Amino acid sequence: MISNGLKGLFLFSLFGAIAITLFGGWYTWEAAPPYPEQVTGPDGTVVMTRDSIMQGQHVWQKYGLMDNGSVWGHGTYRGNDYTATSLHLMGQFMRDAHAQKDFGKPYADLSREQQVVLDDRVIRELKENRLDEATLTLRLTEAEAAAVQKLREHWGRIFLEGDKPTAVAAGVLNSPEEAKDLSDFFYWTAWAAGTLRPGKTLTYTNNWPPDRSVGNEIATEAVIWSIASLLGLMVAIGAALAAFFKFNFDKDLDGLELDDQVGERIINLPISSSQRKTAKYFLIVVLLFFLQLMLGGLMAHYTVHPGEFYGIKAVSDNIPYNWPKSWHLQLAIFWIATAWIGAALYLAPIAGRKEPKYQGLLVDILFGAVVFVAVGSLFGTVLGIKGLAGSWWFWIGHQGWEFLELGRLWQILLFVGLIIWLVLVARAVKPNFGAGQDRWGTVPFYTYSAIAIVSFFAFGLFYTPNTHLTVADFWRWWVVHTWVEGIFEFFAAAAMAYVVTTLGLAPKRKALRAAYFTASLALFSGIIGVGHHYYWFGDPDIWLALGGVISTMEPVPILLLLLKVALDSRHSPVTSDAYPYKWPMLFMGASAGWAFLGAGVFGFIITTPVINYYEHSTYLTMNHGHTALFGTYGMLAIGLLLGGLCLAVQAWALSTGHSHGQTMVFTVLTLGQMAHVMAIRSEFDSLWCQGLLSNKPLLGAVLATFALQMAVIYVPVFNTVFKTAPLSAMELGICLAAAMVVFIAVEAEKTWRRSRAATLNQVAS
């Protein structure tokens, strides 16, 4: 079914990209900014040691301060970038020290000519690398040593007394010693950002942050590789489109009579025990999604009114900004992953054509494990933030890495849970791997994507608290970006290929060829493209080339996926109101459009080195992250959620002896669309703000549709025509509740939109 050439492309894209990236990782480990064994003043007095710097890094991690600010541009965008601020303050403090020594007055009181002389002297002092490579002793000038002391005073005041404008709560650290160590860590990151690499004209962070007062300006290499990346993108688009049309990926449905009744037959298949038990996964998805949105609203409020929450001291004093920020990020991963886990477990018996023994029991056990890990990790991060985890902070508290906040124990348990999920899926689809079966078919392809999801999460276990900051971040992005941009797209392509072919919406052979082609491009660009996160984080300049060129190609596979969805829609019965999976499939198709906008367009405009140099650590990154994560995978998850709601209703009907499951599913889909059309009247304003009567024709149409739906259910003649049955009051109530989930989800999204708009307006003002 799949040609050898396409198989080779897929294997090369996966393993070739991994090999290239691992080579870059080895080079990163070799060239990472060194930790000095000791830092001395001009007279040999020890100012700080490697131990104090590492202890400061531990303080940075265990209190979840990456969710308060950023270092080398990585972290939250609400507060300080502590590297950029520290480097800038070092320059200011050094100027004042020189001014007092040479002229006996502050720098601000000097003439412009005197200031220019001191500016040049400070830049030369900061740029000179005085680290002895043999002993790893860093020697400071007199001005630098004085500036380090003032830097300690500055950060001690911020983290012990609090700083509302940057969302730092009072007493966030437990002692002045922790504040001193944290300041030493910030100084080391500033030293690496301002000092030239040996034998290079670039700093250890490739001249980031941009700050002319300390001599940091964009490197020529960044401009050159930005131009190369644009040329590479044009070539990649042309080559991909040529291949797309050459191999007739656009002709999958042309001239074919598709079976538009297959969806009806699928929905009437018997529901197995394990499939019924997946319903609770989708309930958890709704709850997690709602909680995430509420926490996002709290963060937005803190952004506009730092340290305040409508005068409620119990909230503002006890819930610092980094608490909801940490939970907000974790919940995004949890609810999307849970939707996918539930959908995969539901589809597995259909793919395997039978229910494996004890599958239902194992689904229940996995559900309990998922809930335990989710709850444990969420409250564990709070223990870390509050400083209550003690020496166990890395294991049960807050690891300190954005998106991977959960403690190592919870991370391991989550990994084990993913393995169990993979085993459950594998044992259900095992018949597809028997003798004579195509190992490159739709179900195997879907299974391989599930294996990749589990495997790549393991890279988040490759670091410890004492791992070099740059190296640890290298592995972090293998989960945060490679897992999402490469492997998730692989899984999404496989899931969509399986669903559309199973429902009779596309022929298996051609749809699978298109999925393999798209996944190959996504894996190659997504895995190597992780390099755009390495430009300024103490990584060697090789990533300006690798990351700069390859990352700009990431929109190409998304473009092809969008093109494929658009072309296939010409013949698809999905848009028909009679199609039972209309809305789930439309949401899945919409995910391709959002993927192109969020991951493709918004990602492309910030990943070229010359743009990212100035954009790094700004709110523009948040725009890309939110649109890509929700639009790409959130929309796909909501499609699975809608399908899951319908299936859950039918499963409930069958398990409780109700014979009206088909009518209930039909009612949920109809009422869900009505709830959806009322909710989407505005992208920002809630229905209650607009007024229920503000659009009387639409309200009339909805009420008329509701009346017709009730007639279809309760008028005997319509029961015969539409093959429906009268529902009891409880059955109708369940249908209404399920449909309201759609309304609540859309209104919650609009709440987030309003909060985000308010935040951006406040920032702009």
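Throughout, read-outs are computed from the coordinates displayed, never taken from laboratory work. Predicted model, so just to flag it, every value in this text is computed and none were measured. Positions of Cβ are generated from backbone atoms using ideal geometry, with glycine treated the same way; all protein chains shown enter the neighbour counts.
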Where both partners of a DSSP beta bridge lie in the chain, what percent of those bridges are antiparallel, to the nearest 5? 75 percent
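Would you kindly calculate the mean projected area, averaged across all directions, of the convex hull enclosing the Cα atoms of the range 32-217, in square nanometres?
10.8 nm²
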Just want the answer: with Cβ charges of +1 for Lys and Arg and -1 for Asp and Glu, which residue in Q709, G73, I20 is farthest toward the dipole's positive end in the chain? Q709
What distance in nm separates the two pseudo spin-label positions at L461 and T618, each 7 Å out from Cα along the beta-carbon direction? 4.0 nm
How high is the FRET efficiency from L230 to R509, r the C-beta distance, R0 25 Å, rounded to 0.05? 0.10
Please report the equivalent ellipsoid semi-axes of the range 122-220, computed as sqrt(5 x eigenvalue) of the Cα gyration tensor, largest first, in whole Å. 28, 17, 11
Order 511-517, 350-356 from most to least packed using the mean count of other Cβ atoms within 10 Å. 511-517, 350-356
If you take the C-alpha gyration tensor of the range 305-430, multiply each eigenvalue by 5 and take the square root, what semi-axes do you get, largest first, in whole Å? 36, 16, 10
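What ranking do 121-131, 546-556 get when scored by the average of other Cβ atoms within 10 Å per residue, highest first? Kindly include the intermediate steps, with their values, before the conclusion.
On the way: 121-131: 17.9, 546-556: 25.6.
Most protected by this proxy first, the peptides run 546-556, 121-131.
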Using 7 Å Cα-to-Cβ label points, what is the L22/R130 separation (nm, one decimal)? 4.3 nm
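Between E177 and N248, what length comes free when the chain is fully extended (0.36 nm per residue of separation minus the Cα-Cα distance, one decimal in nm)? Walk me through the numbers before you get to the answer.
Values: separation 71, 0.36 × 71 = 25.56 nm, distance 6.63 nm.
Fully extending the segment from E177 to N248 adds 18.9 nm.
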Alpha-carbon Rg with Dmax, taken over the range 658-765, Å: 17.6, 63
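What is the fewest-to-most order of W752, W335, W191 by other Cβ atoms lying within 10 Å of their Cβ?
Working: W752 17, W335 23, W191 27.
In order of increasing Cβ crowding within 10 Å: W752, W335, W191.
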Under the helix-only model (-39500 (n - 2.57) for each DSSP H run of 4 or more, divided by the residues of the chain), the mean residue ellipticity at 222 nm, to 500 deg cm²/dmol, is -21000 deg cm²/dmol
Which order do W208, W395, W60 fall in if you start with the one that has the fewest other Cβ atoms within 10 Å? W395, W60, W208
Based on other C-beta atoms within 10 Å, arrange T303, T482, T201 from fewest to most. T201, T303, T482
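Using only alpha carbon positions, build the gyration tensor of the chain, then give the equivalent ellipsoid semi-axes as the square roots of 5 times its eigenvalues, largest first, whole angstrom. Walk me through the numbers before you get to the answer.
Values: eigenvalues 524, 169, 112 Å².
With the √(5λ) rule applied to the chain, the semi-axes are 51, 29, 24 Å.
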Cβ neighbours within 10 Å, averaged per peptide: list 667-673, 164-170 in order, most packed at the top. 667-673, 164-170
In nm, give the distance between the simple-model label positions of T220 and E37, each being 7 Å from the Cα along the Cα-to-Cβ direction. 3.7 nm
